[in-house]
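Where a number appears in this text, it was derived from the coordinates with a stated rule and is not lab data. Remember, it's a predicted structure, so these values are computed and weren't measured experimentally. All Cβ positions, even for glycine, are placed from backbone atoms using ideal geometry, and neighbour counts span all protein chains on display.
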Amino acid sequence: MPFSAPPAASGERYALSASLDNARHLSSLLRAVHFQDHATCLATASGLRVTVEDAKCIQANAFIQAEIFQEFSVQEESVMFRISLSVLLDCLTIFGTSSLPGTSTALRMCYRGYGYPLMLFLEEGGVVTVCKINTQEPDELLDFDFCSTKVVNKIILQSEGLREAFAELDMTSEVLQITMSPDKPYFRLSTFGNAGSAHLDYPRDSDLMEAFHCSQTQTNRYKISLLKPSTKALALSCKVSIRTDAQGFLSLQYMIRNEDGQICFVEYYCCPDENITEAEL
Amino acid sequence: MKCVIAGGNVKGERGLGPGERSVPAEPCLTPHTLSSSPVLGRAVHSLSRIGDELYLEPTESGLSLRAVNSSRSGFASFLFAPLFFQLYEPGSAGPETELFRCKVHMKSFLGIFRSLPSLEKSVGKCLILLKPRASRLVLQLHCKYGVTKTHNLAFQECERLQAVFDTQSCASHLCAPARLLADAVVHFPPMLAEVTLGTGPGGKISLRNYVEDEAEPSKTMVTELWLAEDEFQSVAVTPGSHITFCLKEFRGLLSFAEASNLPLTIHFDEPGRPMIFTLDDTVLEVHLVLATLSDLQSNSQSPSTNGVSHLPAPSDDFADDLESYMVAMETGEGDSERAPSPTFPLHTPWPAQREPEEEKEEEGAVPGTPPHKKFRSLFFGSVMTPGRPGVATTQEVLAEDSEGES
């Protein structure tokens, strides 16, 4: 159940204040992008965006729109800070990660602004925990400049078809090669590991394929270690859209339905691997 | 070589590609075996309990998958008859060339069939294609939703891997439903290495964990269970006989037998001679051959030991033949271990009376890994080093693991 925190001293209002009946709506999405310790949070009137980056090659964003929250208010146009995602997740799940049906942790989040810590008030079964997490100067984020007009190939797949494939990816391969084409093999995931090569082909007329818009044959390789964390997002999602642009940048967008049936999104952007070597067949 | 394995209960399977013949669609399967791809997967899992390399040998009578353990004391083979496959083309053997055979890393092959439930649920057809010129073994799984998984595995050419054994020459035979044996072995600790099968009064069959002589009786747990003759489908045993074999390797076959619901036949003879487990089906023949612990007191065939007396065996009868003696010399560091109990010879009929020169036959199939450690753990560990899991650990070491002792 939501509850209100005491108002800020001297009548100031919080730069960001939000209430959420079920903290899992937030924590499960954050886990889907938790492959680095730190994240950059951006709060705007539309909601909260949490960004994690690695190696200047990969960026993951979790979007929790304002409508998911019971209360969501941002004073300025936007509020941005860097925070330890590991600590944030530990706090959000302080009452444990497994839940009995019918119980949930209620959350109230307050941020007074630049230089202040993020305050979390968590309540479950009458027990209240107050957390104060230090914030830092936000990092400059990568801009993949990925917009729908630049998309060369796009497919939308039901996540069910990819989950097992991603979970069983041959991690002895350095790269994951993605081929998208209007002709055979249409959509192919390939690895080149110690045992040999493996290819996973999805035909365009497969039941799993919700949309298939490939205009050009493209084959791109991405460092598998960078993409592997996206498996978490895939596991939560019901659908995934896979898009590439002319430079071979990859956009993976996952549609996630939370416990209450509301839709949230997680996206991953990845640069193609520069060391191009001949693909084995 | 090319073969296609029919799938199970998978909808939306694509048709055969160009160049692939199909046979009439009814499953070429007996009531025992259900969908074929999971059967192949389970066979691979079973074989992975034996060795690190999977040998593939296409023959006219079917595709044989085999494995041998590093100490050459365990061998398993699964022969899938042509009828098991929707399509089976072993390839052509010329007058001077044999049918192509190869071996692959077990891990790589196992990785393809790792998840048995998903094999059952989502894999339809499985195509196995050997491409000698590209040096690739191609495994293609046709899955649900039209998805195709293609694995191109590197392989190595190899010599024929064959253990010679003869079930007819065994004195004792037992046939039991897999369930019975599975229920029996569940009582033994998972890490237990050896177990002794014995025949007792009234036709009862006993199973008992093997305990080495040096272990202190008061600190060792012994588990023994008796099975009545009528629980078996057939019993033809020498009364008062017993035989000790490696349980770990047997468990792999047992899971397969249980899943396939096939009765298991056990053939054994005197201690020291190989024990053979077989499963039979119209489309599948499975053999597991395990070396057994030789009896200290037994007078098994005294070999020509070449008078290599610096192996301080408690009795020379321990080594049954020259070949295992040679193995012991290769494997026994410092020459101070007791002679191993015999491995069954490869390529030679049992009992062995052959010359050392004939060993060249097995060179081709010798795996790179030195066998001695594992070998020791099978037959030395139990005798030399008490305190392994499964037996009550003793604080003191009763047998030093080095020179000059017995």
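Structure data summary
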item: Relative contact order computed over segment A:192-281 (Cα-Cα under 8 Å; 6+ residues apart), in percent; result: 25 percent
item: Diffusion constant of chain A at 10 °C, which comes from Stokes-Einstein with the Kirkwood Cα-pair radius and 1.306 mPa s, µm²/s; result: 79 µm²/s
item: Value in Å of the Kirkwood radius, where segment B:208-275 supplies the Cα pairs that are averaged; result: 14.6 Å
item: Karplus-derived HN-Hα couplings along segment B:267-282 (A = 6.51, B = -1.76, C = 1.60, θ = phi - 60°), whole Hz, x at Gly and Pro; result: 10, 8, 9, 6, x, x, 8, x, 10, 10, 10, 10, 10, 10, 8, 5
item: 10 Å beta-carbon shell around B:L264, net charge (K/R +1, D/E -1); result: -1
item: Trypsin sites (Lys or Arg not before Pro), loop per DSSP, at most 15 other Cβ atoms within 10 Å - longest free stretch of chain A; result: A:57-281
item: Three-way shape label, segment A:72-143, alpha-carbon gyration tensor, a/c 1.5; result: prolate
item: All lysines inside 25 Å of B:K125 as judged from Cα atoms, apart from same-chain residues fewer than 8 positions distant; result: A:K184, B:K2, B:K11, B:K103, B:K107, B:K144, B:K149
item: CD proxy at 222 nm, helix term only [per DSSP H run n ≥ 4: -39500 (n - 2.57); per residue of chain A; nearest 500]; result: -3500 deg cm²/dmol
item: Debye log10 I(q)/I(0) at q = 0.10, 0.14, 0.18, 0.21 Å⁻¹ for segment A:158-264, Cα point scatterers; result: -0.28, -0.56, -0.93, -1.24
item: Peptide B:138-149 - average C-beta neighbours from other chains (10 Å radius); result: 6
item: Linear extension gain, B:A171 paired with B:S118, 0.36 nm per residue minus alpha-carbon span; result: 14.8 nm
item: For segment A:16-78: rounded, prolate or oblate by the Cα gyration tensor [a/c cutoff 1.5]; result: oblate
item: Potential lengthening between A:D260 and A:D21 on full extension [0.36 nm per residue; Cα-Cα distance subtracted]; result: 84.9 nm
item: For segment A:110-165: rounded, prolate or oblate by the Cα gyration tensor [a/c cutoff 1.5]; result: oblate
item: Sequence-separation-based contact order of segment B:177-266, relative, with Cα cut under 8 Å and 6+ spacing, percent; result: 41 percent
item: Additional length obtainable on full extension of the chain from A:A235 to A:R13, 0.36 nm per residue less Cα span; result: 76.1 nm
item: Percentage relative contact order, segment A:74-157, counting C-alpha pairs under 8 Å, at least six apart; result: 28 percent
item: Under the Karplus curve 6.51 cos²θ - 1.76 cosθ + 1.60, θ = phi - 60°, whole-Hz ³J(HN,Hα) for segment B:108-122, x wherever Gly or Pro sits; result: 5, 5, 4, x, 6, 10, 4, 9, 5, x, 6, 4, 5, 7, 10
item: Choice from A:G113, A:G96, A:G248 with maximal GNM fluctuation in chain A (Cα, 10 Å cutoff); result: A:G96
item: Alpha-carbon centroid distance for the pair segment B:158-216 / segment A:212-281, whole angstrom; result: 52 Å
item: Modelled FRET efficiency - R0 41 Å, A:N194 with A:K150, Cβ distances, 0.05 increments; result: 0.65
item: Average partner coverage of A:179-192, which counts Cβ from other chains inside 10 Å; result: 1
